[in-house]
Structures are given as structure tokens and as C-alpha cells.
Amino acid sequence: MKKIVFESKERIKKNEEVIKKLLTVLGFISIFTTVGIIFSLFEETFLFFRRVSIVEFLTGREWTPLFEPPKFGVLPLVAGTFLIVIISSIISIPIGLGSAIYLSEYAPKKVRKVLKPTLEILAGIPSIVYGYFALTAITPIIKTIFPETSVYNALSAGIAVGIMTVPLVSSLSEDAMMAVPDSLRLGAYALGATRYEVSKDIVVPTAFPTIVASFILAISRAVGETMIVAMAAGSTPKLTFNPLESIQTMTGYIVQISMGDVPYGSIGYRTLFAVGSLLFLITFTLNLISRYVMRRYRRAY
Amino acid sequence: MKEQDITKRRKIKNKIFHALIFLCTLFGIFILSVLLFSILSKGLKWLSIDFITNFPSRFPKKAGIYPALLGSLWLIILTALISFPVGIGTALYLEEYAKDTKLTEFIKLNIANLAGVPAIIYGMLGLAVFVRMLGLGRSILSGALTMSLLILPTIIISSQEALRSVPESLKQASYALGTTKWQTITGVTLPYALPGILTGTILGISRALGEAAPLIVVGALAYVSFVPKTPFDQFTVLPIQIFNWSSMPKKEFQNVAAAGIIVLLFILLGINSIAILLRNKYQIRMKD
């Protein structure tokens, strides 16, 4: 039992006011964070674009900012990121959606109780561990199938990113499917539909907006994923769609430059922020689209 | 006859689909076991007391994880000290104090957006603001501040959910006894919401422990031969040390990296178990 201390009314009132103000200040920290991100990214980016034209940056096909002569075409990094996104989506979207349908529509309660936490463990494993797994387990397997594969390659990293984003797709999609009212399912079953037909024609279409939103979020996560690609995808910016070659993503470039000694204020330092700004804009747009899809097309029951 | 065929076909389709999606679900479990097996089989032999207490070395046999382990501990403790009060405070503000205005709506939207910003972008924020602008340098404090901002959305959102789950009747009962708002919050609302808040905060802390990318940008070192003593010292953390070992040309270092991963996963497991224990303890108490 806490001892009750009687304080004067004025003092209590004053304390309440102070607490309220303090909490209000905390509420604004998130806004400062956003402003901070935008300000810190765009300041150096602005300085970067005083040296390099935006057109060269966005359309150039060569990225050699630290060599002579420096070339600042970001397309190879974008292509590298795109390759990782494609490969990872091929894994995460069907497998994530499949698991979600199984857990929501097919799995007996007992099985669900075991499988769901296991998928959650998969989501909690740090990306560095997936990177290590890609490098030491996935790459050797790819190499036995395609001997010409480089040690660092997009396929291995893409598969690892895909595995990492499976739980994201499955848990969001499953939540959406669980929210589909049973009356809809039972109506279909009463007409003699099989589970497959109920899943395909009733549950998935009803939950579709959130399912699509989960796909977009998985893509956004793949765009921003860093350690896996830094470890397994290589560091050679290249405009290629061959998944067996070594490539570099936007995030991979940021890590590579950060590990080295690039002097503050140099053009190399500023490329970091230019690439970072592009990365921020891409993921921000994807997140907005995903939220829009979810809100716009969500059906209420 | 024909109708029976169709029914049969529909049933077969259902069975095939059932098998397919069951395999999809097993895929995750299969990968998890392969991953754990491959790491344990490579790293377990290298795990020893020396590995925990040694400094990194050029020789795989002598390499140890001590500075990275201490760096991670420093970082986690500082991050927790910063992010817990700020995160729970923000959640309290949004759920208990803020009026339903456009501004509040904007803050909520903003937090949801921040949750989707890639970790490495937070690293750039940390580099520009904490390392350069505030002049904190490439220190543990810069790293912890960066990590705090990174995990704040997670902590705020889960704390908000926990606060929302507190029954209004309990709060009203407290007010009826003549308590002030803050007394009701500390005496009724927070204790009731604590299990949920804890789950979210631990989730955030686990994330900070495993994250390497933002700290690399902030400037944590890849090779550290000293032990950090104050928050203003330079540092490295477990994930960066593991990254460093994985990229060494000598094959044996990959096994050392696996040993490092075992230590990292072990700590994560420990933290999560504590969270579950705490949650259960408080949940039982609330039921009484």
C-alpha cells in the first residue's frame, strides 16, 4: 500500500500543469525527428547538386564517384536495388501469402499455435545473421548449380532479403484475413464451396487491400535493407540484370563509404546524402502508397 | 457422372492447394532450422571463455568479442534510458492528454511514417545532427541517441495500444476517489498497461541490439582494441564485429563470426525471455 500524502491543492494543480507541458514537449519529438531527417539529408544533397547536375545524377549510367574522372550516375545503384527487390519479392510474396492463407483458413488451432510463434522468431532475427547465412550457406548452394556465380552476387542476397520479409507479408496478410467476418465464409460453405474456393473467391478478395499493402511494405523493406546486401551482394555498381553477378545497392554504397575514410565536406561525403535522399524518397513514397491502398479500399463490416 | 467429376476435381484442387500452402508455412520453419544448425555447427567449437574475454585479433584462434560485447551493453543501456521515458511519455501524451485536433492526427501519422523509414537513414540523421552539429563525435552517446530515435516509433505505437486497452471504468473509479489525472495515470493506467508496454519496449531494444547499419554510418569502429569507459568513447558493437569478421579473407574468421552470432542470439533470447517473464508476472497480478 502506498502512503497517501496530502499536498496543498495549489501545488498539486501546478504539478499537473508541469507534467502536461513536459509530455507535450515529448509529443513533438517525433516531428523534430522528421524535420531532422529531411534537413540533414537535403542540406548536403543540395550542396551535392551544386556540383553535379540532377539530370546527370538521375540518368547517368556510371557510378564512380571516388575515381578519376568521377561519374555520378546513380542508375547502377538503383538497378542493383531493383534487382534485390525483384528477387526478394519472388520469394516473400507467394510464400508469405501462402503461409497467411494456411494459418488463417486451413491450420487447426493447435498447429497454428506452434507455427505462428516460429514465424515470429524468424522476424526477430537480426539482418546481419541473414547476411551471414546468405554468404556462407546460400551462395555455396547457388555456386554448385551455377559454377560461374561470383562470390558476391545479387541472387544470394535477394533470397536472404526475401526470407527476411516473409514474416512481414504473412503476419499482415493473416491479420487482414482473420478480420474477414465468418458470415461471409459460412455463406460460401453453405453453398458447398471447398476451402480453396472460399480462400480464393471470398477471403483473399475481401482482404485484398491490406494484402497488397503488405506486399508494398515488403518491397519498401527490401529497398531499405542494408546489412544483407552489404555482406552478400558485393560492391560493384553495375547496370546489370544478371542475378549471378556482383552488384551494389544504394544502401550497400552508403555502408561502403561509411566504412572508409571519406573526409567531411568532400564530394564523396555528399554522395552519401544524395543517395540517402533518393532512398528516403523511394521508401517514403512506397509507404504512402501502401497506407493509401489500405485506407482507400478497406471495406468495413 | 459429369457432375461427380467436377466435384472430384474441385476436391483435388483443394487438396493440392492445401499441400502447397502448408509447404509455404513449413518453408519458414525449415529455413529457421537450417540457419540455426549451420551457425551452431560452425560457431560452437569456437565458443569459449577466452572468446568472451579476449580482444579481436589478427589470429582467428585468439580473436575475442569482449570490446564489442561491452559496446553493445553500453549502447543498449543508454538507448533504453533515453527511449523508454520518451516513448512512454509520448504515448501518454497522445492517448491521455492530446485533444482530437488536426495536429494530434498529424503527429500520429508522422510516427507511423517514421516507423517505415529505413534504419540506415536514421544513421545519416545521427551523423549530421549528433556527430557533427552537436559535436558528440563518433561516441556511444551519438549511437545511443540515433538508436533511440530508430526504435521510438515501435515503443510509442505499442505503448499507445497498451494504454488504449485500459478499461475506462478503472480510470473513472480512480477519478471518483478524487485523484488527479497524473495520480490516476501512475496509480491505475500505467500499472494496468505495463505488460503491453514492456512487450513493445523489449521488441524495440532487441531491434537496437541487432542493428548494425545506422551505427556504421554514425561511425562505430570496425576494429576496437580498447574497452569503452564513458558514453563519450568510441566503440563497436556485436553486429559490426560479426560483419567485420564475415568479410575477412581468412576462412576461419567465418567460424569466429558464427561464434559471435551465437553470443548475439543468446543475448536476444535472454532479453526476450525476461520480457515474457515480466509480462506473465504482471498479468497475473492484474487478474487478482
If r is the Cβ-Cβ distance from B:Lys62 to B:Thr230 and R0 is 22 Å, what FRET efficiency results, to the nearest 0.05? 0.20
Per-residue ellipticity at 222 nm attributable to helices in chain A (runs of n ≥ 4 DSSP H, -39500 (n - 2.57) apiece, nearest 500 deg cm²/dmol) works out to -23000 deg cm²/dmol
R0 of 22 Å, Cβ-Cβ distance A:Ile121-A:Ile141: FRET efficiency to nearest 0.05: 0.45
Estimated inter-spin distance, A:Tyr264 and B:Leu134, nm [label 7 Å along Cα→Cβ]: 1.5 nm
Using a 7 Å offset from the Cα along the Cα-to-Cβ direction at both B:Leu73 and B:Asn280, what is the distance between the two label points in nm, to one decimal? 2.7 nm
Need the list of lysines near A:Lys109 for cross-linking: C-alpha distance under 30 angstrom, and skip anything on the same chain fewer than eight residues off. A:Lys200, B:Lys8, B:Lys11, B:Lys13, B:Lys15, B:Lys281, B:Lys287
Reachable lysines from A:Lys13, Cα under 16 Å, same-chain residues fewer than 8 places away excluded? A:Lys21, B:Lys181
P(r) for chain A: what percent of alpha-carbon pairs falls in each 20 Å bin, starting at zero? 27, 45, 24, 4, 0
With +1 on each Lys and Arg Cβ and -1 on each Asp and Glu Cβ, how big is the dipole of the protein assembly as shown about its Cα centre, in debye rounded to the nearest 20? 1220 debye
Hey, could you get me the Stokes-Einstein D for the stretch B:2-46, Kirkwood radius over alpha-carbon pairs, 4 °C and 1.567 mPa s, rounded to whole µm² s⁻¹? 98 µm²/s
Just tell me, in residue order, which DSSP H segments of chain A are both 15 angstrom or longer along the helix axis (alpha-carbon based) and at least 1.6 in mean Kyte-Doolittle hydropathy. A:75-101
HN-Hα J couplings of the stretch A:131-142 from phi, Karplus 6.51/-1.76/1.60, θ = phi - 60°, integer Hz, Gly and Pro as x? x, 4, 4, 4, 5, 9, 10, 6, 4, x, 5, 4
Span-like helices, chain B: DSSP H, alpha-carbon axial extent 24 Å or more, mean Kyte-Doolittle -1.0 or greater, which ones? B:2-43, B:66-92, B:140-164, B:190-210, B:252-287
Test item: Cα-centred dipole of the stretch A:58-159, Lys/Arg +1 and Asp/Glu -1 on Cβ, debye: 540 debye
Using a simple charge model, +1 on the beta-carbon of Lys and Arg, -1 on the beta-carbon of Asp and Glu, nothing else, what dipole does the stretch A:11-50 show about its Cα centre, in debye to the nearest 20? 380 debye
Taking 41 Å as R0, compute the FRET efficiency from the Cβ-Cβ separation of B:Glu168 and B:Phe55 and round it to 0.05. 0.15
Would you work out which of B:Ile12, B:Phe22, B:Gly43 lies farthest towards the positive end of the dipole of the stretch B:2-46, given +1 charges on the beta-carbon of Lys and Arg and -1 on that of Asp and Glu, about the Cα centre? B:Ile12
Name all residues of the stretch B:22-52 having a backbone nitrogen under 16 Å from the label point set 7 Å from the Cα of A:Val111 along its Cα→Cβ direction, giving them as ranges. B:22-30
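Quick note: the coordinates plus some simple rules give every number you see, no bench work behind them. These figures come from a predicted structure and were not determined experimentally. Cβ coordinates were reconstructed from backbone atoms using ideal geometry, including for glycine residues, and neighbour counts include every protein chain displayed.
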